[in-house]
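Beneath this line is the structure, given in C-alpha cells, with notes to follow.
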Amino acid sequence: MKAAIVKVLRERKGYVSGQELCETFQVSRTAVWKVVEQLKQQGYIIEAVRNKGYRLLGEPEEFSKVGIESRRKTKWAGKKILFLESTDSTNIQAALAGSRGEEEGVLVVAKEQVAGRGRRGRQWESPQEGGIYMSLLLRPTVPPDHASGITLLMALCVAESLQELTTEPVKIKWPNDIVMNGKKVCGILTEMTAQVDYIHHVVVGVGMNLNQTQFAGELSEKATSFWLETGIRADRSRLIAALLEKFEQSYEVFCKEGGSLSRFRTEYEKRLVNTGRPVRVQDGKESFDGIALGISPKGDLLVRLEDQSIRSVFAGEVSV
Ligand code: BTN
C-alpha cells in the first residue's frame, strides 16, 4: 500500500483527503496514518492538514522499493519485487525464486552484490555506490535455443531507456554490452534452467554503471558510468520502472513470435557498434576475422569472411 499511496499523492500534486485514501484502499484511517508515518521515516515529506488531508512535498533521493513500485506501469514485470540491501548475486536470488515456483516477473534488486557474476565465469564488481543490480525472472514459452534472444532484447531496452535521458549515443556491442564512447556502461547475464525442449525459467540479470565517479585500475580502461559520460545523475528507481515497461512490451512480442527478434532487428542493428566494421571473433578455441553485417532473427552475429561466405556466430567474444 505504501507505493500506491505515494503514487496517488504524487499524481494529485495537491491534498488528498484521508477519507479518500481509506475508501480507495479499503482500510481504516489509522492504517493510512501508519503508512504515512512509515513513509516519512523513509524520507518522504508529507504534510498532513486537518480538513484537507495529505500532500506530498518531497521524495527521498534514496533508491528504494517504494520508489520503483510507485512508478511501475507494467502488468507483470516487477509486480513482485525483492529489494535487498546486500546479496550474493541477484541472478542467484532470482533463480531461487524460479525454483520455488514463483511467477514470471519477479524482480530482484540489490544495492550491493558481494558475489556479482559476469559472463564466462567472470566477477561483476557491484559496490553500493551508484550501480543498478537487478534480475528478472521469466518463463518464456519459446524453444530453449531461442532464449539467447532475450539477452539481446534486454540490451536493446536498456540502451533505449538510457538514450531517453541523454543525447550522447548509447550503443550495443554484440551481443549484450551497452557502451558509451567505446566503454562499457552495462552488462547483461542471462541464465536458463531448461530441458532439451522446454524452458523452466530464465533469469535475465542487468548490471548498470550509473552514477559511479571512478573505476579502479584496469577496469577504468574498459568501463565507464552513465554519469561519467553525460554528467547526468540518473534516478535508479525511475530508470528501472522505465526499463521494465519497455522490456515487458518487447518481450511479449518476442514470445508471441516464437522467440524471433525480427521485429527488433532494425533497431538493434542501428545501435550495434559492430555493424559494417571489422571484427575478431573468439569462438571457443577458434578465432577468426571478418566484417560484421548485423544479426539474424535468432540474434546470431552475421560475419562476412574473407572468402565472402557469411558465418553465423551463436556465442563468442567479439573485439573490434
Ligand atoms: C557481463 O559480464 O557483462 C554481465 C554482467 C551482468 C551483471 C549483472 S548485475 C545483476 C545480475 N546479478 C549478477 O550476479 N550478475 C548480473
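The values are calculated or read from the model by the stated rules, or taken from the named source; none is laboratory data. Predicted model only: the values in this text are computed from it and were never measured. All Cβ positions, even for glycine, are placed from backbone atoms using ideal geometry, and neighbour counts span all protein chains on display.
So here's what we get for this one:
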quantity	calculated
Looking only at the stretch 194-220, and only at residues there that are under 15 Å from residue 240 (Cα atoms) and in a strand (DSSP E or B), the one that is farthest from the ligand (Cβ to nearest atom)	209
In the stretch 11-30, the residues that are out of contact with any helix residue (DSSP H, G or I) (no Cβ under 8 Å at 6 or more places or on another chain) and of a type in the set (Gly, Ala, Ser)	14, 17
For residue 233: the one exception among (1) outside the structural domain of residue 209 (by TED's automatic domain parsing); (2) free of Cβ contacts under 8 Å to residues at least 24 places away in the same chain	(1)
Condition met for residue 75 (among the basic types (Lys, Arg), in contact (Cβ under 8 Å) with a residue 40 or more places away in the chain, more than 15 Å from the ligand (Cβ to nearest atom) and part of a loop (DSSP other than H, G, I, E, B))	yes
Considering residues of the stretch 167-193 that are β-branched (Val, Ile, Thr) and away from the ligand (no atom under 14 Å from the Cβ) only, the residue surrounded by the fewest Cβ atoms within 10 Å (Cβ to Cβ)	167
Within the stretch 118-150, considering residues that are outside any loop (DSSP other than H, G, I, E, B) and at positive phi, the one farthest from the ligand (Cβ to nearest atom)	121
In the stretch 110-127, the residues that are within 18 Å of residue 185 (Cβ to Cβ) and of a type outside the set (D, E, K, R)	113, 116, 118, 123, 124, 126, 127
Residues located in the stretch 89-117, provided they are part of a loop (DSSP other than H, G, I, E, B) and loosely packed, with under 15 Cβ neighbours inside 10 Å	100, 101, 103, 114, 115
Looking only at the stretch 221-240, and only at residues there that are assigned to a loop (DSSP other than H, G, I, E, B) and among the small types (Gly, Ala, Ser), the one that is surrounded by the fewest Cβ atoms within 10 Å (Cβ to Cβ)	231
Subset of the stretch 126-146 [surrounded by fewer than 20 Cβ atoms within 10 Å (Cβ to Cβ) and in contact with a Leu (Cβ under 7 Å, 6 or more places away or on another chain)]	130
Every pair of residues 6+ apart whose Cβ atoms lie under 8 Å, when the first sits in the stretch 97-126 and is outside the structural domain of residue 236 (by TED's automatic domain parsing) while the second is in a helix (DSSP H, G or I) and near the ligand (Cβ under 7 Å from one of its atoms)	none
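Rundown of residues vs (1) more than 23 Å from the chain's Cα centre (by Cα); (2) surrounded by fewer than 19 Cβ atoms within 10 Å (Cβ to Cβ); (3) within 28 Å of residue 157 (Cβ to Cβ), yes/no style:
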{"position": "265", "(1), (2), (3)": "no, yes, yes"}
{"position": "274", "(1), (2), (3)": "no, no, yes"}
{"position": "279", "(1), (2), (3)": "yes, no, yes"}
{"position": "283", "(1), (2), (3)": "yes, yes, yes"}
{"position": "286", "(1), (2), (3)": "yes, yes, no"}
{"position": "289", "(1), (2), (3)": "yes, yes, no"}
{"position": "303", "(1), (2), (3)": "yes, no, yes"}
{"position": "307", "(1), (2), (3)": "yes, yes, no"}
